[in-house]
1. To the nearest 500 deg cm²/dmol, what mean residue ellipticity at 222 nm is calculated for the chain from DSSP H runs of n ≥ 4 alone, each contributing -39,500 (n - 2.57), summed and divided by the residues?
2. Which whole DSSP H helices in the chain pass both tests: a Cα extent of 15 Å or more along the axis and a mean Kyte-Doolittle value no lower than -0.5?
3. Of 297, 238, 9, which is farthest on the positive side of the dipole of the chain, counting Cα position, with +1 on Lys and Arg Cβ, -1 on Asp and Glu Cβ, and the Cα centre as origin?
4. Obtain the nm distance between the two label points defined at residue 169 and residue 248 by a simple spin-label model: each point lies 7 Å from its Cα along the Cα-to-C-beta direction.
5. Accessible area per residue of the stretch 242-346 at 1.4 Å probe, in Å²?
6. Taking R0 as 22 Å, what's the FRET efficiency between residue 179 and residue 137 from their Cβ-Cβ distance, rounded to 0.05?
7. Along Cα→Cβ, 7 Å out, is where each label goes; now give me the distance between the ones at residue 255 and residue 336 in nm to one decimal.
8. About its Cα centre, what dipole magnitude does the chain give when the only charges are +1 on Lys and Arg Cβ and -1 on Asp and Glu Cβ, stated in debye to the nearest 20?
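The values are calculated or read from the model by the stated rules, or taken from the named source; none is laboratory data. What you see is a predicted model; the values in this text were computed from it and never measured. Don't worry about glycine lacking a Cβ; one is built from the backbone with ideal geometry, like all the others, and counts go over all protein chains shown. Accessible surface areas use protein heavy atoms only, side chains included; no ligands, DNA or RNA. Shrake-Rupley method; radii C 1.70, N 1.55, O 1.52, S 1.80 Å.
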Amino acid sequence: MLTERQDDILRLIIQNFTITGQPTGSKKLMEDGIQASSATIRNDMKSLEEDGLLTKTHSSSGRIPSVPGYRYYVDHLLSPLEISEKEVQWIRHSFKEEFHEINDIIQQSATMLSQLTSYTALSLGPDVKDRKLTGFRVIPLNRRQVIAIIVTDKGNVESKVFSIPKYVESEDLEKIVRIINDKLIGEPLLTVYHRLRTEIPMILHKYFQSTEGILDLFDLMLNNIFEEKIFVGGRMNILNFDQQTDVHQLKSMYTLMKNSDQLNQLLIPHDEDLQIRIGSELGNDLLGNMSLIQANYEIEGHGKGLIALLGPTSMPYSKMVGLIRVIRAELEETLADYYRSLDSIS
């Protein structure tokens with residue numbers, strides 16, 4: 001267990017490093033308010049180094065934080081910073097835009113967080129499993145391609161372009177859409193998902209010789225809407241603060257940031273209000289010098305979501321945690337207002 005002075009020394013070294021990126025020596029710590037002699041402070045820094053919480057970059061007396069040092073700081077010393085009124089007003093104003101669907105709001109939260117931090121922000125919306133199907137449309141683009149659109153009662157919209165089988169005529173497709181709408185509109189998505197595999201194929205076979213290609217279309221659409229869709233802000237910002245010089249590692253990092261499935265795997269569900277994972281805790285060797293701050297939110301009656309920030313281990317945690325908390329609160333309020341507006345329409 002560290003002494004109170006050692007706690008203060010570690011906290012100040014981390015705070016200085018997140019601002020300047022430079023080692024901190026005993027003289028600077030005295031200037032910052034540590035009430036002890038230079039020799040005593042150096043002894044404390046040496047002890048913190050022996051504990052693995054600080055490290056040296058060269059032979060000077062200055063120290064910088066280690067990954068375990070950041071972990072100790074986050075667990076024991078972190079105090080969220082109060083966000084300026086100017087930033088709070090900017091966040092609120094950005095959430096006052098006119099949003100046409102839930103996904104626009106979720107994307108906005110990630111975009112704002114990345115703009116305010118210059119890091120990479122990730123956001124997931126509330127669960128969709130309890131949503132009901134309120135609309136299914138197929139719009140022809142040309143003789144062989146259509147855009148299919150699924151809409152739920154809570155504003156989720158999924159659209160995708162498909163090539164239809166050559167043996168399916170446009171009037172046949174329209175008839176299939178009418179049958180599916182007659183049978184499935186108003187049903188929960190889980191029910192829709194089940195009936196498309198059991199009851200609907202039997203009904204369609206009464207009218208059509210083959211429905212394999214068409215049913216594949218609906219199957220793919222519903223798989224898409226059930227997937228947790230991750231929204232990313234500042235996707236490539238991660239390349240700005242990672243100090244890797246190896247071209248292969250940079251290419252791997254670029255590929256990671258373009259892969260939604262891999263990004264989804266970073267967001268591990270947890271019961272904590274806010275969680276910070278550092279370095280190897282992220283489970284990806286490419287992210288060994290990075291940290292992820294992840295905060296849950298919940299909209300009563302509509303499920304849970306989360307918002308997260310991926311940045312360097314040297315990020316100013318106090319400021320970042322404060323920002324995430326403000327954006328999360330405004331996101332919850334904006335989503336709740338949007339859901340209330342949908343309920344009033346229905």
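1. On the way: 14 runs with 163 residues, N = 346.
Result for the chain: -14500 deg cm²/dmol, rounded to the nearest 500.
2. On the way: long enough: 4-20 (24 Å, -0.18); 38-50 (18 Å, -0.98); 102-117 (23 Å, 0.27); 170-184 (21 Å, -0.35); 212-226 (21 Å, 0.92); 247-258 (17 Å, -0.14); 317-345 (42 Å, 0.01).
In the chain, the long hydrophobic H runs are 4-20, 102-117, 170-184, 212-226, 247-258, 317-345.
3. It is 238, whose Cα lies furthest towards the positive end.
4. 5.8
5. Working: 5050 Å² over 105 residues.
Here the per-residue accessible area is 48 Å².
6. Working: r = 14 Å, r/R0 = 0.63.
According to the calculation, E is roughly 0.95.
7. Inter-label distance under the simple model: 4.4 nm.
8. Numbers: 37 positive and 48 negative charges, 162 e Å.
For the chain, the charge dipole is close to 780 debye.
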